[in-house]
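Engineer: Take this structure, written in C-alpha cells, and hold onto it; I'll ask about it next.
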Amino acid sequence: MAELTRVHGSENQFFILDQTSLNQALSEEELTQLALNYCQKDADWPGADGILVVESATHPGPIGRMVVVNADGSRASMCGNGLRCVGRYLAEKYNQTEFTVETPAADLRVSRKDDLAPEVQAFSVEISPVSYERTALPFDKLGKDEIINEYLPELSNRLLFTALAVPNPHLVSFVKDEEDLNQTLGGLGQKLNQTNPYFPDGVNVNFAKILGPNRLFVRTYERGVGFTNACGTGMSATSLAFAQNYPDLVDTQQPIEVFNPGGMVKTIVHPNEPQQWIELIGNATFTAKISLDEALLHSGQLQPDQLTITPTTEEDAYLNFVNSLNQD
C-alpha cells in the first residue's frame, strides 16, 4: 500500500507524495496525470491546489527534495506554503528541527517554530532567491527592464505594479477597494495566465490591502491554479514590495502580519542584504492520511471507493485558531 498525506498551509491545499516510500517512483508523465485527476475539485472529492512530491536530495546537505506539481500538471519553481508542509513531513520523518530542503531553484532553510495554537504546528521557511530582472520572470512588451511601483497602462490605467521573482514570478499591486480584490484581480489574473504578449509564461498576480503598519491582507490569482486561499511565495513577494514601496509603514526588524482568505502568516523581510530574502512563518497542518494501492498512483485514476481516508483533528484546531484572529 502507498500513502498520500493531505495537508495545507493557510488552507492552500496539497497532497504530499513521498516517492522514496514507493516500490517504484512515479514518472514525470504519471505525476502530471496524478495531479490532473486527484487535484480537481468536485462534489465527490475535495481536490487540492497541487501535489508536493518528496524525493531524495540530488546532492549532499539537504535532507530531501521538493517538487511542486500544480493542479493543471505544470511545475512550480517553489511553493512557500507547500515547503512548510514538506518541512514538517521531513522533520517528523528524520526527527530534525532545523535543516535544508532542495528545490529546483535553491536549497532553502526550514525550521520548526512554536505552535501557533494547540495542535497548530508552525514552520519557518526561507523564500529566495529574489530577482527583479525582466528575464527572470520573464515579461516583455512593457517597455521596462524592471517594474517597481510603476503604472503599466497595458494592464491598468490606475494601478501601480511591482514585479519580482522569488523565484516564482509575481506581479504585486496595492489596492483599496473590495472590487479590486475580486473582479479586477480575477480578470487580470486570467488575462496574464492565458496566451498574452506581456507574461508569456504566465505570472502569479497578488493584490494587497494595507491594514496598517506591518499588516497586510493579500489575495492571489495563482499561475496553474487560479484563485487560491493563500500563496506563500505571493505573500512573501508582497511583503518585500510593501517594505520597499511603503518604508514608513514597515519596520523590517519586526514580523509583518499577512492575512489571507485561508488565515494568517508572518513574514520577516530582508530588503537591505546583498541577496534579498524573506522568512515565511505559518502553519503546516495535516488533515488526513490516505492509503491506496500503489498501482492506483501509477494509473493516475481516482477511485474513491478504493481509498482508505483517516482524518486527523488538526483542521478543527486550525479553524479555531483562524476564528481567533483579529484583522481590525
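Engineer: Tell me the carbon and sulfur percent of the accessible area for the chain, rounded to whole percent, probe radius 1.4 Å.
Structural biologist: 45
Engineer: Let me ask something additional. Excluding ligands, DNA and RNA, what is the solvent-accessible area per residue of the chain at a probe of 1.4 Å, expressed in Å²?
Structural biologist: Result: 42 Å² of accessible area for each residue.
Engineer: Where does helix 28-38 land angle-wise versus the long Cα axis of the chain, in degrees 0 to 90, nearest 10?
Structural biologist: It is inclined by approximately 90 degrees.
Engineer: Per Stokes-Einstein, at 37 °C and 0.692 mPa s, what whole-number D in µm² s⁻¹ belongs to the range 153-203, with the Kirkwood radius over Cα pairs as the hydrodynamic radius?
Structural biologist: 281
Engineer: Once amide H atoms are built 1.01 Å from N in the peptide plane, which residues 5 or more positions from PHE99, or in another chain, come under 5 Å H to H?
Structural biologist: VAL110
Engineer: Between 0 and 90 degrees, rounded to the nearest ten: what's the tilt of helix 314-323 against the longest Cα principal axis of the chain?
Structural biologist: On a 0 to 90 degree scale, this one is about 20.
Engineer: In the chain, how many lysine pairs have Cα atoms under 20 Å apart, counting only pairs 8 or more places apart or on different chains?
Structural biologist: The result is 8.
Engineer: Here is a follow-up. Suppose every K and R has +1 on its Cβ and every D and E has -1 on its Cβ; what is the size of the dipole of the chain about the Cα centre, in Debye to the nearest 20?
Structural biologist: Approximately 480 debye in magnitude.
Engineer: Compute the distance from the alpha-carbon center of the range 261-285 to that of the range 67-115, in whole Å.
Structural biologist: Here the two parts' Cα centres lie 14 Å apart.
Engineer: Let me ask you something else. Can you run phi through the Karplus equation (6.51, -1.76, 1.60; θ = phi - 60°) for the range 241-249 and list ³J(HN,Hα) in whole Hz, with x for Gly and Pro?
Structural biologist: Taking θ as phi minus 60°, the curve returns 5, 4, 5, 7, 8, 10, x, 6, 9 Hz for the range 241-249.
Engineer: Averaged over all directions, how much area does the convex hull of the C-alpha atoms of the range 215-268 cover when projected, in nm²?
Structural biologist: 3.4
Engineer: With θ set to phi - 60°, apply the Karplus curve 6.51 cos²θ - 1.76 cosθ + 1.60 along the range 175-188 and write out the HN-Hα couplings as whole Hz, x wherever there is a Gly or Pro.
Structural biologist: 10, 10, 9, 4, 4, 5, 6, 10, 5, 5, 4, x, x, 5
Engineer: So, one more: Can you give me the convex hull volume of the Cα atoms of the chain, divided per residue and expressed in Å³?
Structural biologist: 137
Engineer: What residues qualify as long-range amide H neighbours of ASN168, i.e. H under 5 Å apart, gap of 5 or more or another chain, H built at 1.01 Å from N?
Structural biologist: The list, which skips near neighbours in sequence, is MET78.
The values are calculated or read from the model by the stated rules, or taken from the named source; none is laboratory data. A quick note: this is a predicted structure, and the numbers were derived from the prediction, not measured. No Cβ is skipped: glycine too gets one built from the backbone with ideal geometry, and neighbour counts run over all protein chains shown. Keep in mind that these areas ignore ligands, DNA and RNA; they rest on the heavy atoms of the full protein, side chains included. Shrake-Rupley method; radii C 1.70, N 1.55, O 1.52, S 1.80 Å.
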